[in-house]
Amino acid sequence: MNTIQVEGALTENPKLERRDGKLKLAFRLAIPRSDSLPAKHGNNADFVTVVRYANSLLEQLLLTLDHAYLQKGTRVCVMGWLQSRDISRGRTATEIVAQSITYLEGTSRKGDEILALLNLPEPA
């Protein structure tokens, strides 16, 4: 079974791009280490790339809202699976493919502005 759930903070604003007809949201997440694990090179966190894809119109709308709400420093809980892919000769990238992103704190108000334009209720 390939499932993962992590909690952390965005290290930068998310990037939204379209590739091969799919909308893709990507961001780096700093995941705090537990106190029992020693710090590597002075870091008390592990850093991982999180990606989320959208195919349907509804998924694209939700991904656009994620892009509007998320910003550097936002704390989130991500549930999904690990994916490894070749990026160049002899190099692979391992990332989390998100199935769900739960906002914990530090969201941007840009999402509220988009919801107001769409006349939809704000997320709980």
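Answer with yes or no whether residue 21 is surrounded by 12 or more Cβ atoms within 10 Å (Cβ to Cβ), on the phi > 0 side of the Ramachandran plot and among the small types (Gly, Ala, Ser). It is false that residue 21 is surrounded by 12 or more Cβ atoms within 10 Å (Cβ to Cβ), on the phi > 0 side of the Ramachandran plot and among the small types (Gly, Ala, Ser). The number of residues in the range 65-96 that are surrounded by 16 or more Cβ atoms within 10 Å (Cβ to Cβ) and either free of Cβ contacts under 8 Å to residues at least 60 places away in the same chain or of a type in the set (D, E, K, R) (or both) comes to 7.
If only residues of the range 92-106 that are over 21 Å from residue 23 (Cα atoms) and out of contact with any Cys (no Cβ under 8 Å at 6 or more places or on another chain) are counted, the one that is modelled with the lowest pLDDT is 106.
Residue count for the range 39-91, restricted to those that are among the hydroxyl-bearing types (Ser, Thr, Tyr), modelled with pLDDT of 90 or more and in a strand (DSSP E or B): 3.
Once the range 42-97 is narrowed to residues that are more than 30 Å from residue 109 (Cβ to Cβ) and among the charged types (D, E, K, R), the residue that is nearest to the chain's Cα centre (by Cα) is 85. Among the residues in the range 7-14, are any free of Cβ contacts under 8 Å to residues at least 60 places away in the same chain, closer than 18 Å to residue 106 by Cα and outside any strand (DSSP E or B)? So far as the range 7-14 goes, yes, one or more of its residues are free of Cβ contacts under 8 Å to residues at least 60 places away in the same chain, closer than 18 Å to residue 106 by Cα and outside any strand (DSSP E or B).
The values are calculated or read from the model by the stated rules, or taken from the named source; none is laboratory data. Just so you know, these numbers come straight off a predicted model, no measurement behind them. All Cβ positions, even for glycine, are placed from backbone atoms using ideal geometry, and neighbour counts span all protein chains on display.
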